[in-house]
Each structure stands twice: as C-alpha cells, then as structure tokens.
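Accompanying notes for the structure given below.
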Amino acid sequence: MDALILSRLQFAANISFHILFPTITIAMCWFLLFFRLRFIKTRDPAWEEAYYFWTKVFALTFALGVVSGIVMSFQFGTNWPGFMEKAGNIAGPLLGYEVLTAFFLEASFLGIMLFGRGRVSERVHLTATFLVALGTTMSAFWILSLNSWLQTPAGYEIVNGQFHATDWLAVVFNPSFPYRFAHKLLASALTASFLIAGLCAWQLIKGSATAGTHKAMRTALVAAAIVIPIQFVAGDMHGLNTLEHQPAKIAAMEGIWHTEKGAPLTLFGIPDEKAGETRYAIKVPKLASLILAHDAAAEIKGINEFPGAHPPVAPVFWAFRVMVGMGSLMLAVAWFAAWQLWRKRRELDDGKVRLPRPLLYVLAGMTFSGWVATLSGWYVTEIGRQPFMVYGLLRTSEIATHIAPPMIALTLTAYLIVYGLLLVTYIGVLKYMAENPFKHAPIPGGNAALGKAGV
C-alpha cells in the first residue's frame, strides 16, 4: 500500500475510535440533567441514584473521547500536513472554538457534577450539569460545522492555493450543516438511549437492578421510541440536501451507474466498479427517485457522470444499508419495548419495569447498536466525500504526507492494538459497574447544611 492509502486507513481508525465516545456523551448529559430535575421535583432517591450511576459512566466515556480526540489533532500534522497549510485559515478557528468550548464548559463543570454533592448548593450542582450538557452540544456544533464545510464549502475565496474566509456566517452555517447537526444529535440520543436500556436490561437479567435502574430504563426506552421516527425524517431531509450538493455520493449510496429518470431502489446487490454495474440487484421500480427527490419520475445522476471524481462505490453502498438496517431494527425494538411498558403499566404500581425476559436479552444485545449505526453513517459521509478533502476543490492526495509507508503501517498497527485494548477495557468496566451498582452509589450523608447555604 502507498502512503496515501495507509494514511487514510490510519485516520479512519482514529476517527472510528474517537467518534464512539462523543456519540454517547453528547446526549447522555441531557439524560443526566433530566434525572437531576426529576429528583429535585419528586425527591425520589431513585432518580438521584440513577443520576450518580450514569454520571460515572459519562465521566469514563468523556475521558476516552478527550484522549482520542487529541490524537486526531496530531494526525493533521503528521499524516495530512497540506490540510492546515491550505485550509487552516478556516479549519483552525473552528477547531479552536471547539477546544475552548469543550475545556471551559465540559471539563470545568464535570468536576462539580462528580464531586460537588454536599459541597455546593443544589442550584449550583444543577447549573453545572446544564453547562456540561451545553458544552458537549456546543463542542459538537463546531466540529460538525467544520465537517459540513468540508462537504459543502461556502463563504470562502482561494488566494495562492489557500482558502480564506470571506463570510464567516456562510462558513459556519454552510448548506449541509443544519441537516448534519440535527442528524448527529438524534443519532447521539439513540446511541445513549440504547446504551442505558441495554445496561439496565443486563442488570435486570443478572439480578443487580436497583430502584434507579427502573427509572433510567423507562426514560431511555421512551426517549428512543420518540426520537427514532424523528431521525428517519431528519435523514430524509439530509438525503435531499446531499442529492443537491453531492450527487456522486448519492449515486454511490444507491448503486446507480447510469443517469435515469424514475430510478429504481436497489434493496440488495453487489457493486462491481470495474464492470460498472451492480450484480444480482433486487430493485423496486421508481422508488429511488421517489425517496431521493420526492418525485417518482425525477432524474438521478449515475456514477458514470463523475469520471475520476466519485467515491469508492462498494463501501458507501454497504455502509448505507447497514445504517438503514440497524435504524429499522432499533425502531422495531424501541416501539415494541415502549408498547410493553404501556401495556403493563397498571399491573403493579411500584414503578418497576417488567419486560419479557427474551426482550431483556434483545435490549442487552443491542447495548452498542448505536455505535454500529453511527459508524456506518460516518463511513457513508466520509468515504462518500472522496476523492476530495474539500468537496470539489481540494483532493485528498494533494495534502497527504510523504512519510515512508512502512512507518505509517507501523504506527497504524500500534494504534489498532491500543484502541482494541482500550475498547475491551471500556466495555468490561461498564459490565462490572452494571453488575456492582452499589459500589458506585453516591456517598451517603452528604452535607445538606452546606448545600442549603449555597456557594
């Protein structure tokens, strides 16, 4: 393999590992805020128990997200030196805002969330929880603004080969940003919902459930049932935007090779780039045009319209189907579980969740289903942008490093080993915490007097 392919693989490995953790924390902190508000309103200790248990899960996940994010920033210098040289005038400020937001809000107030009980007033503690939630969302705002600008650049001029901003509002709120930002926030909500529901299901299976387990699980399942149909609507709107600005990506997603009106939807097939066709395709007539353009007779451009400027077809084609398939499975499971909750809500008035044991195993098995959907969606986005770094303007090959391929292969191997060990450890710690919840319960007693005094 040459340096370009190895650099792309290394960056893909790093971003695939990194994105797992922000995808959880962006939404989980809003769950924590909800748990805190419910405790303040009801004074039910089960809500506080849920808050402190999941605060520790949040802190662990946040730490891994920060560390893996720092590694990514190094790679801009080592693997993609031409990126900051050519697009640094735009990427630098956006990345800077993200770092400032993350460290000033998230890191500063996370300490109060973790250790503030009994040391600060209830109002300050609640405010700290809100600011951490706001910080994670703002952090996502800046990163997705930059990523969207790379996909649909706007508000710039090119002087001597370098990008310069001419309209920062156009840069930040570029054409695909609103759709990408909404899609990501909803994906995070689903990932956190299934993580919470899955670990709670595991606690019920293993007999380690607490009063907080039932509160958290009910909240997560209801949230997932509400959010996932909204996600499908957001995905549809995102698709319309992509068809307008990145038709080559859409053609690869659908495996459409020739421009045609009333294009069929390929449910299954094996794309063959050399032959320029999708083998063994199972198609539904006109459905692709209807879904993509909301017009059964609409014209959809084929891959052959973009010689030398379209992404690799097979990875985009399959990643898109994995994302949609996993989303459909999450919809079915979330709605069935929510129906079970509603159906059994009056059997016993003790606030406990009673779900069929097979459904508990399904939920436990789907604990990390959000990761699968997120990664496949991310591959559609990023591989679908190739061969460009800045879509239509700057090719990835123009910014790649000249480091010897064996050196990149060596560091890639090291990254994969470290990330594999960290991932196994992270999942193992979550399993241990779920099976031993009382070891992670809040310290009893606290300091109510100091809390009421306020800080």
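The values are calculated or read from the model by the stated rules, or taken from the named source; none is laboratory data. Quantities reported herein were computed from a predicted structural model and do not represent experimental measurements. Reconstructed Cβ throughout: ideal geometry from the backbone, glycine too, with neighbour counts over all protein chains shown. With ligands, DNA and RNA removed, areas are computed over all heavy atoms of the protein, side chains included. Shrake-Rupley method; radii C 1.70, N 1.55, O 1.52, S 1.80 Å.
Evaluate region 170-178: report whether one residue or more is β-branched (Val, Ile, Thr) and either closer than 30 Å to residue 45 by Cα or in contact with a strand residue (DSSP E or B) (Cβ under 6 Å, 6 or more places away or on another chain) (or both).
Yes, because at least one residue in region 170-178 is β-branched (Val, Ile, Thr) and either closer than 30 Å to residue 45 by Cα or in contact with a strand residue (DSSP E or B) (Cβ under 6 Å, 6 or more places away or on another chain) (or both).
With the structure loaded, tell me whether residue 374 is surrounded by 21 or more Cβ atoms within 10 Å (Cβ to Cβ) and either touching a strand residue (DSSP E or B) at 6+ places or on another chain (Cβ under 8 Å) or under 19 Å from residue 143 (Cα atoms) (or both) or whether it fails that test.
Criteria met by residue 374.
Determine which member of the set 227, 284 is at pLDDT 90 or above and surrounded by fewer than 15 Cβ atoms within 10 Å (Cβ to Cβ).
284
Residues in region 397-452 that are among the polar types (S, T, N, Q) and modelled with pLDDT of 95 or more: how many?
Residues that pass the stated criteria total 1.
Output the qualifying pairs, or none if there are none: Cβ atoms under 6 angstrom, residues six or more apart or on different chains, first residue in region 335-356 and at pLDDT below 80, second residue open to solvent by 40 Å² or more (accessible area, probe 1.4 Å).
Here the result reads 344/354; 353/218, each pair linking region 335-356 to a residue that is open to solvent by 40 Å² or more (accessible area, probe 1.4 Å).
Please state which of the following conditions residue 149 fails to meet, knowing it meets all the rest: (1) in contact with a Phe, Trp or Tyr (Cβ under 7 Å, 6 or more places away or on another chain); (2) open to solvent by less than 10 Å² (accessible area, probe 1.4 Å); (3) touching a residue at least 24 places away in the same chain (Cβ under 8 Å); (4) not basic (Lys, Arg).
With (1) in contact with a Phe, Trp or Tyr (Cβ under 7 Å, 6 or more places away or on another chain); (2) open to solvent by less than 10 Å² (accessible area, probe 1.4 Å); (3) touching a residue at least 24 places away in the same chain (Cβ under 8 Å); (4) not basic (Lys, Arg) applied to residue 149, the lone miss is (1).
Of the residues 291, 270, which is part of a helix (DSSP H, G or I), closer than 28 Å to residue 369 by Cβ and modelled with pLDDT under 95?
Values: 270 fails: part of a helix (DSSP H, G or I).
From the options 291, 270, the qualifying one is 291.
Taking the criterion of being at pLDDT below 90 and within 30 Å of residue 3 (Cβ to Cβ), would at least one residue in region 100-116 satisfy it?
No, that holds for no residue.
Is it the case, given these coordinates, that residue 99 is open to solvent by 20 Å² or more (accessible area, probe 1.4 Å), without any contact (Cβ under 8 Å) to a residue 24 or more places away in the chain, out of contact with any Pro (no Cβ under 9 Å at 6 or more places or on another chain) and more than 30 Å from residue 240 (Cα to Cα)?
When the stated conditions are applied, residue 99 passes them.
Going by what's in this entry, would residue 41 be described as within 20 Å of residue 212 (Cβ to Cβ), of a type in the set (D, E, K, R) and part of a helix (DSSP H, G or I)?
When the stated conditions are applied, residue 41 passes them.
Would you mind stating whether residue 360 is buried (at least 18 other Cβ atoms within 10 Å of the Cβ), more than 30 Å from residue 397 (Cβ to Cβ) and touching a residue at least 60 places away in the same chain (Cβ under 8 Å)?
Yes.
I'd like to check something: does region 23-33 contain any residue that is within 30 Å of residue 118 (Cβ to Cβ) and not hydrophobic (A, V, I, L, M, F, W, C)?
There is at least one residue in region 23-33 that is within 30 Å of residue 118 (Cβ to Cβ) and not hydrophobic (A, V, I, L, M, F, W, C).
Going through region 382-428 one residue at a time, which ones are within 21 Å of the chain's Cα centre (by Cα), open to solvent by less than 60 Å² (accessible area, probe 1.4 Å) and either of a type in the set (A, V, I, L, M) or closer than 29 Å to residue 250 by Cα (or both)?
Within region 382-428, 382, 383, 384, 385, 386, 389, 423 qualify.
Per-residue answers, yes or no, for (1) charged (D, E, K, R); (2) over 20 Å from the mean Cα position of the chain (by Cα); (3) assigned to a helix (DSSP H, G or I):
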| position | (1), (2), (3) |
| --- | --- |
| 310 | no, yes, no |
| 316 | no, no, yes |
| 322 | no, no, yes |
| 328 | no, no, yes |
| 333 | no, no, yes |
| 338 | no, yes, yes |
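Restricting to region 253-262, name every residue that is touching a Gly at 6+ places or on another chain (Cβ under 6 Å) and in a helix (DSSP H, G or I).
none
Here's the yes/no breakdown for (1) farther than 15 Å from residue 26 by Cβ; (2) among the acidic types (Asp, Glu); (3) buried (at least 22 other Cβ atoms within 10 Å of the Cβ):
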position: 123; (1), (2), (3): yes, no, no
position: 193; (1), (2), (3): no, no, yes
position: 202; (1), (2), (3): yes, no, yes
position: 216; (1), (2), (3): yes, no, yes
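Out of 394, 360, report the one residue that is over 28 Å from residue 74 (Cβ atoms) and at pLDDT 90 or above.
Working: 394 fails: over 28 Å from residue 74 (Cβ atoms).
Only one candidate qualifies: 360.
Within region 1-16, can you find the residues that are of a type outside the set (A, V, I, L, M) and either open to solvent by 10 Å² or more (accessible area, probe 1.4 Å) or outside any helix (DSSP H, G or I) (or both)? First the steps, then the outcome.
Taking region 1-16 as the starting set, the residues that turn out to be of a type outside the set (A, V, I, L, M) are 2, 7-8, 10-11, 14, 16.
Within region 1-16, 2, 8, 11, 16 qualify.
Can you say whether residue 90 is out of contact with any Lys or Arg (no Cβ under 7 Å at 6 or more places or on another chain) and open to solvent by less than 30 Å² (accessible area, probe 1.4 Å), as far as the supplied structure shows?
Considered against the rule, which asks whether it is out of contact with any Lys or Arg (no Cβ under 7 Å at 6 or more places or on another chain) and open to solvent by less than 30 Å² (accessible area, probe 1.4 Å), residue 90 comes out as yes.
Yes or no: region 236-253 includes at least one residue that is farther than 19 Å from residue 320 by Cβ and touching a residue at least 24 places away in the same chain (Cβ under 8 Å).
no
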